[in-house]
Amino acid sequence: MTSVTAEALRNVGAFVHDVVRPTVRLGVTGLSRAGKTVFITALIHNLLVGGRLPFFDPQAQGRLRRAYLEPQPDDDVPRFDYERHLADLLGDPPCWPQSTRRLSQLRLTLEFEPQGFLDRTLGRDKLHVDIVDYPGEWLLDLPLLNQSFTEWSEQEFTMSRDANRKGMAVEWHKLLAELDPLSEADEEDAKRASTAFTTYLRKCREKGDTAVVPPGRFLMPGELEGSPALTFSPLDLPGNGNPPRGSLWAMMERRYEAYKTHVVKPFFRDHFARLDRQIVLVDALSALNGGADCLRDLERALTDILKCFRPGANSWLSSVLYRRIDRIVFAATKADHLHHTSHDRLENIVKHLAQNAIEHADFAGAEVEVVALAAVRATREGTAQVQGETLPCIFGYPLTGEKIDGKTFDGTQEYGIFPGDLPEEIDALKTLSQKQALENQIKVVRFRPPDRPRNDTNRPATLPHIRLDRVLNHLLGDRLK
């Protein structure tokens, strides 16, 4: 049985089940440090406790009866640990939950008052939302499915020679200069090259570089650590020669293909290809502070990501043949690190970076939204007088150990900063050098979560947010009518 036939049969079963019990599979991912764990926790909590969501139509119109958690449908997928993450956010003192480093899932069921006569007659008043949480590093692996080992190697070398990465790649490049790709394959050479390449990738991530991470499992190997499928590196093939069998190049190429076969394809087949809706969380502020090179990398990453999606309007036929992602949100996170006067500019910057991807999805019939988001708002807004000038500021509690203007904080002191303004002219960002970016960068302070709200009633505490309701409405609102 071919994989296409198997997928079609699986989708037939899902389609029949969806007629009786409507279900949406919502994919949630984020590029490095984008806050997907916080997003999922805040989304679930606000729905469970009836948080303030004025732009989420089903709740605003009084049609959302209740929300509750149910056992997830896939027994072989770890459960998203909602309760532990919520305890961190509502603790005393509150703290940010640890990032998840594996695929996980949770089923949220929403009961609502249907508007359509047929839905009311059939009692279709429940929607199962299966939230699939997966690392952004895995998402960036998907373009590998369309790349040969030669193409991938050329791409990695080109990016590693950029000015902002060249220093981090020195040791890796030095080692490769000592290896002959056409020489006889040697396991120790493969290990040394793989270790040097992984060290380079780790330096990129620690620096905040979100675009240079594939293969994603190199940074989070899990049960695959030490396996041949994770012991390879890009190579620079001299000339246009054909590498002989048994050469180092041939071994690296074989392992690269094994990685795609045994790691990337199963993820695509078993999880990614089954999604109906998708949100991609993007830390655009870090890229802005990195200069034009980082912005170009982010733009390339967003374009490559959407190439792997199956965007388009869903119909009964497409649901049977192959599922499509018909609604996508690109969310620029950390909106609470800016004054609200810069939120529109932040959205416009991400929209500009994702323009090619958005045009592709629009052409296919999918609906794409770009939103400046803070799933949990850690700051409040105010003003401050600086040298006779009134500046729009944000106030919050810097994390323990955070340093601002020579002062070290312990997590208990509120502090206000002027974060800076985002540029109005987006085209100017393309030529922004790293030095200019450092001179004009947005001040990103790591604030802890806000204190737990003190309610006079017995209502559960809710988490403040920025535009979480707008995101919910785009992703789920149409399925709750």
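Is it the case that some residue within the stretch 46-63 is under 25 Å from Phe309 (Cα atoms) and either assigned to a loop (DSSP other than H, G, I, E, B) or modelled with pLDDT of 95 or more (or both)?
There is no residue in the stretch 46-63 that is under 25 Å from Phe309 (Cα atoms) and either assigned to a loop (DSSP other than H, G, I, E, B) or modelled with pLDDT of 95 or more (or both).
Give the residue that is modelled with the lowest pLDDT, with candidates limited to residues of the stretch 241-297 that are of a type in the set (Gly, Ala, Ser) and in contact with a Leu (Cβ under 8 Å, 6 or more places away or on another chain).
Here the answer is Gly241.
Could you list all residues from the stretch 369-413 that are under 27 Å from the mean Cα position of the chain (by Cα) and of a type in the set (Lys, Arg)?
Scanning the stretch 369-413 gives Arg377, Arg380.
Would you point out the residue of the stretch 175-195, among those that are of a type in the set (Gly, Ala, Ser) and in a loop (DSSP other than H, G, I, E, B), that is nearest to the chain's Cα centre (by Cα)?
Looking at the filtered set, the residue picked out is Ala185.
Given the residues Glu369, Glu402, which is the only one that is at pLDDT 80 or above, assigned by TED's automatic domain parsing to the domain that holds Ala335 and buried (at least 16 other Cβ atoms within 10 Å of the Cβ)?
Going through Glu369, Glu402 in turn, the sole match is Glu369.
Would you check which residues across the stretch 385-426 are within 20 Å of Arg345 (Cβ to Cβ) and out of contact with any Ser or Thr (no Cβ under 7 Å at 6 or more places or on another chain) and list them?
Passing the criteria: Ile417, Phe418, Pro419, Gly420, Pro423, Glu424, Glu425, Ile426.
Here is a yes/no grid of residues against (1) modelled with pLDDT under 65; (2) touching a Pro at 6+ places or on another chain (Cβ under 6 Å):
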{"residue": "Ile426", "(1), (2)": "no, no"}
{"residue": "Thr431", "(1), (2)": "yes, no"}
{"residue": "Gln436", "(1), (2)": "yes, no"}
{"residue": "Glu439", "(1), (2)": "yes, no"}
{"residue": "Asn455", "(1), (2)": "yes, no"}
{"residue": "Ala461", "(1), (2)": "no, yes"}
{"residue": "His474", "(1), (2)": "no, no"}
{"residue": "Arg479", "(1), (2)": "no, no"}
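Of (1) out of contact with any His (no Cβ under 7 Å at 6 or more places or on another chain); (2) surrounded by 15 or more Cβ atoms within 10 Å (Cβ to Cβ), Tyr68 satisfies all except one. Which?
Exception for Tyr68: condition (2).
I'm trying to understand the selection: among the residues of the stretch 119-143, which are modelled with pLDDT under 90, surrounded by 15 or more Cβ atoms within 10 Å (Cβ to Cβ) and either of a type in the set (S, T, N, Q) or under 25 Å from the mean Cα position of the chain (by Cα) (or both)?
Hits for the stretch 119-143 are Tyr134, Pro135, Gly136, Glu137, Trp138, Leu139, Leu140, Asp141, Leu142, Pro143.
The values are calculated or read from the model by the stated rules, or taken from the named source; none is laboratory data. All of these numbers come straight from a predicted model, not from anything done at the bench. Neighbour counts are summed over all protein chains in view; Cβ atoms, including those assigned to glycine, are modelled from backbone coordinates with ideal geometry.
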